[in-house]
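Note sheet for the following structure.
The values are calculated or read from the model by the stated rules, or taken from the named source; none is laboratory data. The structure presented is a predicted model; accordingly, all values stated were derived computationally and were not measured. Using ideal geometry, Cβ is built from the backbone for each residue, glycine included, and neighbour counts are taken over all protein chains shown. SASA here: full protein model, heavy atoms, side chains in, ligands and nucleic acids out. Shrake-Rupley method; radii C 1.70, N 1.55, O 1.52, S 1.80 Å.
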Amino acid sequence: MRQHDTLFIGGEWVAPAGTGTIDVVSPHTEEVVGRVPDGTAADMDRAVAAAREAFDHGPWPRMTFAERAAVIDRLAAIYNERQAEMAQLITEEMGSPITFSNLAQAPQPLSMLQYYAELGRTFEQEEERPGLFGPVVVRREPVGVVAAVVPWNVPQFVTMTKLAPALLAGCTVVLKPAPETPLDAYLLAEWVAEAGVPAGVLNIVPAGREAGEHLVSHPGVDKVAFTGSTAAGRRIAAICGEQLKRVSLELGGKSAAIVLDDADLASSMGFLSMASLMNNGQACVAQTRILASRNRYDEVVDAVAGMVASQPVGDPADPATGIGPLVAKRQQERVEGYIRIGMDEGAKVVVGGLDRPRDRGWYVAPTVFSGVSNDMRIAREEIFGPVLAVIPYEDEADAVRIANDSDYGLAGTVWTADTERGMEIARQVRTGTYGVNCYMLGANTPFGGFKASGIGRELGPEGLSGYLEYKSISRLG
């Protein structure tokens, strides 16, 4: 078992203020695989003070972008050498299939570090523009101390969407990992220290909701960067609005995959399996609404059902596994609750249902519903599990209407033999990210959502902008 008795604050491993602990439980075996301190408000105060000291008086914000990029490069080199270790650890603590961990849970955070290191080598802190009476210098300065609050589903991916640009900008960070997945953050702390990131630039305190809210509302924090549920995002936005504190929110999704009549179903299902079921369905960008025309509805239902039924369910450490367990018993119960809701609403279970595939572990049967209308709860609410709803549409205009008829706007896809037609569809769907015959996220392109899917953008130069303040300096002569 991985036992940690300290917190990473001010560049040191320090004793926590309290005596509480957080057990990390394997979703596959239901056994405790790790234990860390349960951070308190006093621990958050200490972490913010360390970050504040490092920002107000330390070298990090006063280095050039290129100098900070060199340190990020060193961190990326360490990450690159040990990413398999990170992938295995995330699979152990939250049940992500090892194939997905090796594909995304560790490589994607590495790609973000590499991208921002490259961007920092040429990024200018100041630029000169013509003004009314003389030149104006536009200067970019770090926003300050950042509270980064991350979820359990893709813990390193989400951490790095915040940490990598914040580091390059010159910010200091207090990271609050989710109680379900604190172990990967401890490994990251070791690498950060080894890379030579100055003391206090990154501080890590795993904690629950109460201490997390204390961090968010702390007067020493200049910006909050949050990824999680829309309900929690609303609470955080209210706190930050009251304090006029900078905030970025990456929240929920209920993304639609539009299957056009000309789509090659065999090929589409091969890619859609990842887009809709990645990470055991525990992904905010998952394509969980499958939109099919009435002309091919039964054919699409059969194809989706076949795709889902073909996914091996089992031990997430087994490379043959396609779908592993959900992160916690409460998540298992939540997803099964939605399966019951779908059945009560009159939708038909084509694959899956309420029979659990394994007696031990927090497994749910991957499920496909047909006969779903877009006003059903299983079509409108984020389930966060391997549950797909196939919804009929009349024509392409109706498909776009249904895709847009959602409180969310995070992601989406269209599947077609006509790429240009797919691009036309993509331009009409109001989401922050979209794919034509694929779904991918790149470190160099912005990620975020419309509507209740969030505020702001991460990744790309747009992601860096969220950690900068802009100052205009005019002068005469």
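What to note about this one:
- So Tyr470, is it among the aromatic types (Phe, Trp, Tyr), open to solvent by 60 Å² or more (accessible area, probe 1.4 Å) and either out of contact with any Ser or Thr (no Cβ under 6 Å at 6 or more places or on another chain) or touching a residue at least 40 places away in the same chain (Cβ under 8 Å) (or both): yes
- Single condition Asp344 does not satisfy, out of (1) acidic (Asp, Glu); (2) open to solvent by 20 Å² or more (accessible area, probe 1.4 Å); (3) touching a residue at least 12 places away in the same chain (Cβ under 8 Å); (4) over 15 Å from Ser96 (Cα atoms): (3)
- Filter pass, Tyr393 being touching a strand residue (DSSP E or B) at 6+ places or on another chain (Cβ under 8 Å) and open to solvent by less than 30 Å² (accessible area, probe 1.4 Å): yes
This table checks each residue for (1) among the aromatic types (Phe, Trp, Tyr); (2) over 26 Å from Arg2 (Cα atoms); (3) touching a residue at least 60 places away in the same chain (Cβ under 8 Å).
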| site | (1), (2), (3) |
| --- | --- |
| Val173 | no, no, yes |
| Tyr186 | yes, no, yes |
| His214 | no, yes, yes |
| Val224 | no, yes, yes |
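- Matching residues, the range 17-34, being in contact with a strand residue (DSSP E or B) (Cβ under 8 Å, 6 or more places away or on another chain) and open to solvent by 30 Å² or more (accessible area, probe 1.4 Å): Gly20, Thr21, Asp23, Val25, Glu31, Val32
- Reported count of residues in the range 19-40, each being over 25 Å from the mean Cα position of the chain (by Cα) and either modelled with pLDDT under 95 or closer than 22 Å to Val173 by Cβ (or both), is 0.
- Hits in the range 178-204 (condition: part of a loop (DSSP other than H, G, I, E, B) and either open to solvent by 10 Å² or more (accessible area, probe 1.4 Å) or not hydrophobic (A, V, I, L, M, F, W, C) (or both)): Pro179, Glu180, Thr181, Pro182, Gly196, Val197, Pro198, Ala199, Gly200
- Failed item, numbered, when Arg330 is tested on (1) closer than 17 Å to Thr29 by Cα; (2) open to solvent by less than 70 Å² (accessible area, probe 1.4 Å); (3) not aromatic (Phe, Trp, Tyr): (2)
- Listed by position, the helices (runs of 4 or more DSSP H) inside the range 364-477 whose residues that are within 20 Å of Leu272 (Cα to Cα), out of contact with any Leu (no Cβ under 9 Å at 6 or more places or on another chain) and not charged (D, E, K, R) number at least 1 are 377-380, 396-404, 419-428.
- Scanning the range 211-229 for residues that are hydroxyl-bearing (Ser, Thr, Tyr) and open to solvent by less than 30 Å² (accessible area, probe 1.4 Å) gives a single hit, Thr227.
- Where Ser370 falls short, out of the listed (1) open to solvent by 30 Å² or more (accessible area, probe 1.4 Å); (2) among the polar types (S, T, N, Q); (3) over 24 Å from the mean Cα position of the chain (by Cα): (1)
- Any chance Thr172 is within 26 Å of Val48 (Cα to Cα), open to solvent by less than 10 Å² (accessible area, probe 1.4 Å) and more than 15 Å from the chain's Cα centre (by Cα): yes
- Of the criteria (1) over 23 Å from the mean Cα position of the chain (by Cα); (2) modelled with pLDDT of 95 or more; (3) assigned to a loop (DSSP other than H, G, I, E, B); (4) not small (Gly, Ala, Ser), which one Met343 fails: (3)
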